[in-house]
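Worksheet: one structure, shown below.
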Amino acid sequence: MTSLDQRFAEAMGQLLGPDFPRDIALAVSGGGDSMAMLTLAHNWTRHWGVQLHVVTVDHGLRPEAAEEAAMVAEECALLGWPHTTLSWKWEGQGNVMDAARRGRIEVIDRWRGEIRDVLLAHTRDDVAETFLMRLRRGSGVEGLSAMQPARVLPGDAPMRLLRPCLDMGREELRHYLRTLKGRWVEDPTNEDPHYDRARIRRLRGLLSEEGMGTEALAGTAQRMARAREALRARAAQVWREIGQEDRRAGEILIPRDGFAAVERDTQLRILAGALQYVASAPYRPRSEPLEALLDRLLSGGGDPLHGCELRVERDHLRLFRECAALAPGPADLGTWDTRWRITPPEPGLMVAPLGEAGWCQVPERPEGAPPFHAARSLPSLWKGDRLVACDALQFGPAPTATLEPGRAHNLESFLLSH
């Protein structure tokens, strides 16, 4: 039987090889999965000479968290690796576990510096549990697909999340630690029925008795992931054939006839991808409102969703940023709405959506300019109440607003990767 050390080395080779980076970060909570990953990574570095940087995020949700972070720091000191504890505080809104997961990634991203790769200790059990949680929500192929072994987050210096333990089971990793006399802590929230994942873990015991154990669930999630790739390729192909993207205005034009002629899943993928792409949102819109919006669009009506607006025009569906979702800010910060690179021609300007006030200050609009309802959300520079520049309407000095180079090159590329 292949040892866990060998399996970890093979996974790292597939994720990183053949040229390994000099430095890798590990997110280690102190639980059994992440402490086993720390030990596996430590043993692996003996052969490859990679420098490990360990980080623990204290979410402040349990009084024991600080002690657990200190335990991780002690183990790292024994192994000879630097350790950092980061803090994150919940604002009390939304789902606490989802907020904690997103917050953890955000603080690690700010901490990592020039390190690109961050290892996460997700296992085959996590794949099975996530599958069941999303199945309960009525997710489609996208939601039911297994976690990706590697995921690149957007940005100028993108962070890459790597999951080298996805083909390993939770009990395997704990057995590995017990054999090596390793330490770990058990998070009591894993048994707390107030949390979805804890209830799903209890359900998995019953399902396993009926032949729906971890292997079966994770295997189905993997097959869903293969289907996802094929469906993504189909959506990108259709978009390449029918779609139009105006990068100057940051909007998407979907030909009505061509869109109506393709199958519903492809319609939903193009629509979801366009919404996420234009809004620079980290996640896709949820299935139910997305399906409802598609029905309205096909019937000739439009609505806002996911920070975007959609209008049905004679030949196209026009998708653009929702003006109400945008807030003004100092132009010298350099970035606006996470996707526009702002280059002010003079200091002291503000960047804001064009709005009706800006539209009225543009005496002549170029041919092919966005109509009023879409132009309201265009990035524009202001000095008090006076409009200084709006590139998309060829008003004022240019260029002052360009799409961030760190974004996907175009919607086709985005559809292939999201």
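The values are calculated or read from the model by the stated rules, or taken from the named source; none is laboratory data. Computed from a prediction, not measured in an experiment: that's the story for all the values here. Cβ placement follows ideal geometry from the backbone for every residue including glycine, while neighbour counts extend to all protein chains displayed. The area values use the complete protein model at the heavy-atom level, side chains included, leaving out ligands, DNA and RNA. Shrake-Rupley method; radii C 1.70, N 1.55, O 1.52, S 1.80 Å.
Go over the candidates ALA249, ALA230 one by one and state the one that is of a type outside the set (D, E, K, R) and either crowded, with 16+ Cβ neighbours inside 10 Å or in contact with a His (Cβ under 6 Å, 6 or more places away or on another chain) (or both).
Exactly one of ALA249, ALA230 is of a type outside the set (D, E, K, R) and either crowded, with 16+ Cβ neighbours inside 10 Å or in contact with a His (Cβ under 6 Å, 6 or more places away or on another chain) (or both), namely ALA249.
Quick check on LEU310: is it over 18 Å from PRO397 (Cα atoms), part of a strand (DSSP E or B), modelled with pLDDT of 95 or more and in contact with a Gly (Cβ under 6 Å, 6 or more places away or on another chain)? Give the steps one after another, and end with the answer.
Details: over 18 Å from PRO397 (Cα atoms): yes; part of a strand (DSSP E or B): yes; modelled with pLDDT of 95 or more: yes; in contact with a Gly (Cβ under 6 Å, 6 or more places away or on another chain): yes.
When the stated conditions are applied, LEU310 passes them.
Could you please find all residues in the stretch 258-272 being closer than 16 Å to ALA230 by Cα, in a loop (DSSP other than H, G, I, E, B) and open to solvent by 30 Å² or more (accessible area, probe 1.4 Å)?
The one that is closer than 16 Å to ALA230 by Cα, in a loop (DSSP other than H, G, I, E, B) and open to solvent by 30 Å² or more (accessible area, probe 1.4 Å): GLU263.
Exactly one condition in (1) free of Cβ contacts under 8 Å to residues at least 24 places away in the same chain; (2) within 29 Å of VAL152 (Cα to Cα); (3) open to solvent by 20 Å² or more (accessible area, probe 1.4 Å) is false for LEU310; which is it?
That leaves (3) as the condition not met.
Yes/no per residue for (1) in contact with an Asp or Glu (Cβ under 8 Å, 6 or more places away or on another chain); (2) over 14 Å from PRO370 (Cα atoms):
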| residue | (1), (2) |
| --- | --- |
| HIS306 | no, yes |
| LEU310 | yes, no |
| HIS316 | no, no |
| LEU319 | yes, no |
| ALA325 | no, yes |
| GLY329 | no, yes |
| ASP332 | no, yes |
| THR335 | yes, yes |
| THR343 | no, yes |
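Does PRO255 fit the bill of being open to solvent by less than 80 Å² (accessible area, probe 1.4 Å), in contact (Cβ under 8 Å) with a residue 60 or more places away in the chain, within 30 Å of THR335 (Cα to Cα) and out of contact with any Phe, Trp or Tyr (no Cβ under 8 Å at 6 or more places or on another chain)? Walk me through it before giving the result.
Working: open to solvent by less than 80 Å² (accessible area, probe 1.4 Å): yes; in contact (Cβ under 8 Å) with a residue 60 or more places away in the chain: yes; within 30 Å of THR335 (Cα to Cα): no; out of contact with any Phe, Trp or Tyr (no Cβ under 8 Å at 6 or more places or on another chain): yes.
It is false that PRO255 is open to solvent by less than 80 Å² (accessible area, probe 1.4 Å), in contact (Cβ under 8 Å) with a residue 60 or more places away in the chain, within 30 Å of THR335 (Cα to Cα) and out of contact with any Phe, Trp or Tyr (no Cβ under 8 Å at 6 or more places or on another chain).
Can you name the residue in the stretch 382-409 that is under 17 Å from GLU251 (Cα atoms) and outside any loop (DSSP other than H, G, I, E, B) and is also most open to solvent (accessible area, probe 1.4 Å) among such residues?
THR402
Among the residues of the stretch 336-381, count how many are open to solvent by less than 60 Å² (accessible area, probe 1.4 Å), in a strand (DSSP E or B) and in contact (Cβ under 8 Å) with a residue 60 or more places away in the chain.
Result for the stretch 336-381: 3.
Could you check the stretch 93-118 and list, in sequence order, the residues that are more than 22 Å from ALA73 (Cα to Cα) and in contact with a helix residue (DSSP H, G or I) (Cβ under 9 Å, 6 or more places away or on another chain)?
Within the stretch 93-118, GLN93, ASN95, MET97 qualify.
Restricting the stretch 10-20 to residues that are open to solvent by 40 Å² or more (accessible area, probe 1.4 Å) and not charged (D, E, K, R), which is farthest from the chain's Cα centre (by Cα)?
Filtering first and then ranking leaves PRO18.
Could you check how many residues of the stretch 87-138 are touching a strand residue (DSSP E or B) at 6+ places or on another chain (Cβ under 6 Å) and outside any helix (DSSP H, G or I)?
Qualifying residue count, the stretch 87-138: 9.
Could you tell me whether any residue of the stretch 41-56 is of a type in the set (Ser, Thr, Tyr) and more than 20 Å from GLY103 (Cα to Cα)?
Taking every residue of the stretch 41-56 in turn, at least one turns out to be of a type in the set (Ser, Thr, Tyr) and more than 20 Å from GLY103 (Cα to Cα).
I'd like the residue in the stretch 101-125 that is buried (at least 17 other Cβ atoms within 10 Å of the Cβ) and either on the phi > 0 side of the Ramachandran plot or of a type in the set (Gly, Ala, Ser) (or both) and, out of all such residues, is modelled with the lowest pLDDT.
GLY103
Any residue that is surrounded by fewer than 17 Cβ atoms within 10 Å (Cβ to Cβ), more than 20 Å from SER208 (Cα to Cα), free of Cβ contacts under 8 Å to residues at least 24 places away in the same chain and of a type outside the set (Val, Ile, Thr) - is there at least one of those in the stretch 139-155?
Checked against the condition, which is being surrounded by fewer than 17 Cβ atoms within 10 Å (Cβ to Cβ), more than 20 Å from SER208 (Cα to Cα), free of Cβ contacts under 8 Å to residues at least 24 places away in the same chain and of a type outside the set (Val, Ile, Thr), the stretch 139-155 yields at least one hit.
Just one of THR56, THR2, THR84 is at pLDDT below 95, of a type in the set (Val, Ile, Thr) and outside any helix (DSSP H, G or I); which is it?
THR2
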